[in-house]
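Student: Below you will find the structure I want to go over with you.
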Amino acid sequence: MIEQNCLYEDIDGMDPDCLHLMHGQDDELIAYLRIVPPGLHFKNPALGRIIVTPKYRGGSTGPSLIHEGISLCRKHYWNLPISIEAQYPLESYYRQFGFESCGEVYMVDDIPHIHMILNP
């Protein structure tokens, strides 16, 4: 919240229905991702709130987290596309996992985003 200058509670009410994936090291949370079930945000399941602490960015933590999130989506929501509401500057990053952009760039909390989909 501080890093993205979004200084408010980010409570959307979806967390109880989501799957939560957390990576830790030495009793420290270093990465987090949530899987939003179909119909809560997009018509298909979605990866969201993908966070890696600055110390662990640029290594294998982020890709490992995303691959695991994709695998869990495939396990729980077999044969459905997976959505992501990506920050636009990270569009090329998510392309390496097979996500493709769809639609126009839009703003969320003064940050440009783009909807991306990973087809089965």
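Student: Set the Förster distance to 25 Å, then compute FRET efficiency between GLN25 and SER71 from the Cβ-Cβ distance, nearest 0.05. List each step's numbers first, then the result.
Tutor: Working: r = 20 Å, r/R0 = 0.82.
For R0 = 25 Å, the calculated efficiency reads 0.75.
Student: Per the helix-only calculation at 222 nm, which mean residue ellipticity applies to the chain, given -39500 (n - 2.57) for every DSSP H run of n ≥ 4 and division by its residues, nearest 500 deg cm²/dmol?
Tutor: Numbers: 2 runs with 21 residues, N = 120.
Value at 222 nm, helices only, nearest 500: -5000 deg cm²/dmol.
Student: Let me check I have the definition right: for the chain, take the eigenvalues of the Cα gyration tensor, multiply each by 5, take square roots. What are those semi-axes in whole Å, largest first? Kindly include the intermediate steps, with their values, before the conclusion.
Tutor: Numbers: eigenvalues 81, 65, 50 Å².
So the three semi-axes of the chain are 20, 18, 16 Å.
Student: Let me ask another. Using a basic spin-label model with each label point 7 Å from the Cα along Cα→Cβ, how many nm lie between ARG95 and SER64?
Tutor: 2.7
Student: List the residues whose amide H sits under 5 Å from the amide H of PHE99, counting only those 5 or more places along or on another chain, with H placed 1.01 Å from N in the peptide plane.
Tutor: none
Student: If I model a spin label as a point 7 Å beyond the Cα along the Cα-Cβ vector, how far apart are those points for ASP15 and TYR56 in nm?
Tutor: Using points 7 Å along Cα→Cβ, the separation is 1.8 nm.
Student: What nm value, rounded to one decimal, do you get for the distance between TRP78 and CYS102 when each label is placed 7 Å out toward the C-beta?
Tutor: 2.2
Every number in this text was worked out from the coordinates using simple rules, so none of it is lab data. For clarity, every value in this text was computed on a predicted model and none was experimentally measured. So basically every Cβ, Gly included, is an ideal-geometry build from the backbone, and we count neighbours across all protein chains shown.
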